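Laboratory data are not the source of any read-out in this text; all were calculated from the coordinates shown. If you're wondering where the values come from, they're calculated on a predicted model, not measured in any experiment. Neighbour counts run over all protein chains shown; Cβ positions are idealised from the backbone, glycine included.
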Amino acid sequence: MTLLTRSKQTLTMPDLIGYCTTAEAAQELQFHINHIRRMIRRGDLKTKRVGQMLFVSLDSIKQYQEKTKGFDKHSPLKREKIAKSK
């Protein structure tokens, strides 16, 4: 039986200034974390992946808030406005 070993590597953490976790984005936008993940898949929010973790751009959160200013959280018109602005 042969054991496979990995050489020790030093991994550096990427620069995450201007990014937050999906949970923090959910708290900021007052949505459930699953909805934040759906918004990421649709392309409404920009992200950076580090391993298995996703980090959401703070700029994309601010842009989303500006695009949807004046709309109710559950308004179907909000989705139409975002689609038109892309």
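Within the range 29-59, the residues that satisfy the criterion of being over 8 Å from the mean Cα position of the chain (by Cα) and assigned to a helix (DSSP H, G or I) are Leu29, Ile33, Asn34, His35, Arg38, Arg41, Arg42, Leu58, Asp59. Cβ-Cβ contacts under 6 Å between residues 6 or more apart (or on different chains), taken from a first residue in the range 38-57 that is surrounded by 13 or more Cβ atoms within 10 Å (Cβ to Cβ) to a second residue that is among the small types (Gly, Ala, Ser), are listed as Leu45/Ser60; Lys46/Ser57; Lys46/Ser60; Val56/Ala25.
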